[in-house]
Amino acid sequence: MVYDWYESQRAMLSPLAEFAEAASKFYTNPLWPLSQTPGAQRLSASYELMHRLLKSYEKPAFGITSLQVDGREIAIQEQVVLDKPFCRLLRFKRFTDDPKTLGRLKNAPTVLIVAPLSGHHATLLRDTVRTMLQDHKVFITDWVDARMVPTEQGGFSLDDYIAYVQEFIRHIGPDVHVMSVCQPTVPVLAAISLMATAGEAAPRSMVMMGGPIDARKSPTAVNNLAMNKSYEWFESNVIYRVPVNYPGAGRRVYPGFLQHTGFVAMNPDRHFNSHYDFFLDLVRGDTDDAEAHRSFYDEYNAVLDLPAEYYLDTIRIVFQDFALVHGTWHVDGEPVRPQDIRNTALMTIEGELDDISGAGQTEAAHQLCTGIPEADSTHFTVPGAGHYGIFSGRRWREITYPRVRDFIAAHREGAVQKTTRRRTA
């Protein structure tokens, strides 16, 4: 019922959003005399803000088509490597006609970035991908909006998520380095643990960023909600069926618009001030700041639905039973034993001001992975960084990325192990 109401409201407001967009352009069109009248800029700004508050936001494109490497511009081509019902494995292939640069690109380490399946699209990691491409071959998981997956494809549980990660690692090969951002730190650790227990070739390293490995530590508002409500409450109150106007009609999902509402409710003042500042930027003609606002909210407001099985599994296993840290988690009957990981180096990263994954939650992976030598284990706390600052923005590019790059380089095949476990800020 709630999902149907939401879709009806969205359809009803769509004409108003289009009218607001047209009116905004009307009052800034230099060919119309009214655009030169006092107050026209303010009217245009008001209509554009209305348009952006009422419009629907579709999945953005990665839009990474070129990159500067060694002072040369190289072409980037986005390729679909594996296409599965609930996820596409993408590769960003780099091309150049300079022999020296080409040799460097071919010898670069391979990185699989596991993007979060927690309401936003993988394009939220655009800055992560663009930065990593400077020195690495990059693959990324591009999760599919569950409302676009027909029910004939079956369900998708946390166990299925883990199986996907394992399949992607096997496809790329054992020389891969796996980077997990936020939510996937838990299933990625489980996937690699199960591979190690089975005696499979494991990735060279795993970089875990801002995830709830042990959500009991420094619990945030997100953790408290998951801990204080029962499993039955979540199943009864936030799970709905996809309406008939989508390919996945009838599928049980946790709707993206509910997740988005929760994100906004965590910091309503921040979002209100951001929109007001956007309005003032438009009035003043500050196009750079206005465009930065558009770019951020084009991404932030584009959300996807999560399969109900996967969402409820995550609530129970990660945030209520703490099955990973208690050693009680079984996947397809096999125990998840992080202590069996021995040949995969571990780097954990947290943000000093992270209000989604609290201090110590990600670092807890070191306490579980007791089979990894200290020389192959390190932790870094990013000073002044919130959750998104761990993997995007200036702090990511200038502070965190150089450490990630050096860690991966130190744990390539045949590389001398130079890292030591340490806590830095």
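Where a number appears in this text, it was derived from the coordinates with a stated rule and is not lab data. Since we're looking at a predicted model, the values are computed, not measured. Neighbour counts run over all protein chains shown; Cβ positions are idealised from the backbone, glycine included.
Only bridges with both residues in segment 292-412 count here: give the DSSP antiparallel percent, nearest 5. Kindly include the intermediate steps, with their values, before the conclusion.
Values: 2 of 8 bridges.
The antiparallel proportion sits near 25 percent.
Taking a quarter of the surface of the convex hull around the Cα atoms of segment 139-190, what do you get in nm²?
Averaging across all directions leaves 4.2 nm² for the Cα convex hull.
Would you be so kind as to identify which of Tyr297, Ala40, Ile64 lies farthest towards the positive end of the dipole of the chain, taking Lys and Arg as +1 and Asp and Glu as -1 on Cβ and the Cα centre as origin?
Comparing the listed Cα positions along the dipole, Ile64 ranks first.
Which semi-axis lengths, in whole Å and largest first, follow from the square roots of five times the eigenvalues of the Cα gyration tensor of segment 212-348? Display every interim value, and only then the final one.
Numbers: eigenvalues 251, 96, 49 Å².
The equivalent ellipsoid of segment 212-348 has semi-axes of 35, 22, 16 Å.
In degrees from 0 to 90, rounded to the nearest 10, what is the angle of the helix 401-410 Cα long axis to the longest principal axis of the chain?
30
Of all beta bridges DSSP finds with both residues in segment 91-224, what is the antiparallel percent, to the nearest 5? Intermediate values should be presented prior to the final figure.
Working: 2 of 16 bridges.
In segment 91-224, approximately 10 percent of DSSP beta bridges are antiparallel ones.
Karplus couplings for segment 258-273 from phi (6.51 cos²θ - 1.76 cosθ + 1.60, θ = phi - 60°), rounded to Hz, Gly and Pro as x?
For segment 258-273, the Karplus curve yields 5, 4, 4, 4, x, 4, 5, 5, 5, 9, x, 5, 4, 5, 4, 5 Hz.
List the aspartates and glutamates whose Cα lies under 15 Å from the Cα of Lys100, skipping any in the same chain that are fewer than 8 positions away.
Here the aspartates and glutamates satisfying the reach criterion relative to Lys100 are Asp70, Glu73, Asp135.
For segment 53-107, what is one quarter of the convex hull surface built on the Cα atoms, given in nm²? Could the numbers behind the result be given before it?
On the way: hull surface 24.6 nm².
Answer in nm², one decimal: 6.1.
How big is the antiparallel share of DSSP beta bridges in the chain, given as a percent to the nearest 5? Kindly include the intermediate steps, with their values, before the conclusion.
On the way: 26 of 53 bridges.
Around 50 percent antiparallel, to the nearest 5.
Could you give the Stokes-Einstein D for segment 278-376 in µm² per second, using the C-alpha Kirkwood radius, 25 °C, 0.890 mPa s? Write down the numbers at each step before the final one.
Numbers: Rh = 17.6 Å.
The Stokes-Einstein estimate is 139 µm²/s.
Using each residue's phi in segment 224-232, evaluate 6.51 cos²θ - 1.76 cosθ + 1.60 at θ = phi - 60° and report the 3J(HN,Hα) Karplus result to the nearest Hz, with x for Gly and Pro.
Values, residue by residue: 4, 4, 5, 7, 8, 9, 6, 4, 5 Hz.
Which lysines does Lys55 reach when only Cα atoms under 22 Å apart count, and residues fewer than 8 places away in its own chain are ignored?
Lys25
Note down the net charge around Met227, summing +1 for each Lys or Arg and -1 for each Asp or Glu among other residues with Cβ under 12 Å from its Cβ. Let's see the in-between values first.
Values: positive: Arg216, Lys229, Arg316; negative: Asp321.
Around Met227, the surrounding residues sum to +2.
Compute the helix-to-body angle for 2-26: its Cα long axis versus the longest principal axis of the chain, expressed 0 to 90° and rounded to tens.
Once rounded, the angle reads 60 degrees.
To make sure I understand the rule: partners must be lysines, Cα under 29 Å from the Cα of Lys93, and not fewer than 8 residues away in the same chain. Which ones qualify?
List returned: Lys59, Lys84, Lys106, Lys137.
Taking the Cβ of Lys25 as the center, what net charge do the other residues with Cβ under 13 Å away carry, scoring Lys and Arg +1 and Asp and Glu -1? Provide the component values of the computation, followed by the final result.
On the way: positive: none; negative: Glu18, Glu21, Glu48.
Its environment carries a net charge of -3.
Connecting C-alpha atoms closer than 10 Å in a GNM of the chain, tell me which of Thr344, Thr220, Thr261 has the biggest fluctuation.
Of the options given, Thr261 has the highest mean-square fluctuation.
Could you tell me how many degrees, from 0 to 90 and to the nearest 10, lie between the Cα long axis of helix 158-172 and the main elongation axis, the longest principal axis, of the Cα atoms of the chain?
70
Please report the net charge: other residues with Cβ closer than 15 Å to the Cβ of Gln320, K and R +1, D and E -1. Please report the intermediate quantities before stating the final value.
On the way: positive: Arg216, Lys229, Arg316; negative: Asp214, Glu232, Glu235, Asp313, Asp321.
Net charge around Gln320: -2.
Return a whole-number percent for the relative contact order of the chain, with Cα pairs under 8 Å and 6 or more residues apart as the contact set. Write out the running numbers ahead of the final one.
Details: 782 pairs, mean separation 75.1, N = 425.
This gives 18 percent for the chain.
Which order do the peptides 325-336, 113-124, 80-91 take when ranked by the mean count of other beta-carbon atoms within 10 Å per residue, highest first?
On the way: 325-336: 14.0, 113-124: 23.8, 80-91: 16.9.
Ranked by mean Cβ neighbours within 10 Å, highest first: 113-124, 80-91, 325-336.
Which is the longest run of the chain containing none of the GluC sites (Glu not before Pro) found in DSSP loop states (not H, G, I, E, B) with at most 15 other C-beta atoms within 10 Å?
Longest gap between qualifying sites, sites excluded: 201-351.
Can you pull the Rg over Rh of segment 1-79, Cα-only, Kirkwood?
Here the Rg-to-Rh quotient is 1.22.
Which one of Thr348, Thr381, Thr96 has the biggest mean-square fluctuation once the chain is modelled by GNM with Cα springs under 10 Å?
Thr96
Relative contact order, percent, of segment 127-234 when contacts are C-alpha pairs under 8 Å separated by at least 6 residues? Don't skip to the answer; put the middle values down first.
Details: 70 pairs, mean separation 24.8, N = 108.
Value for segment 127-234: 23 percent.
Counting only C-alpha contacts under 8 Å and six or more residues apart, can you give the relative contact order of segment 1-134 as a whole percent?
Working: 121 pairs, mean separation 22.6, N = 134.
Taking the mean separation of contacting Cα pairs over the length of segment 1-134, I get 17 percent.
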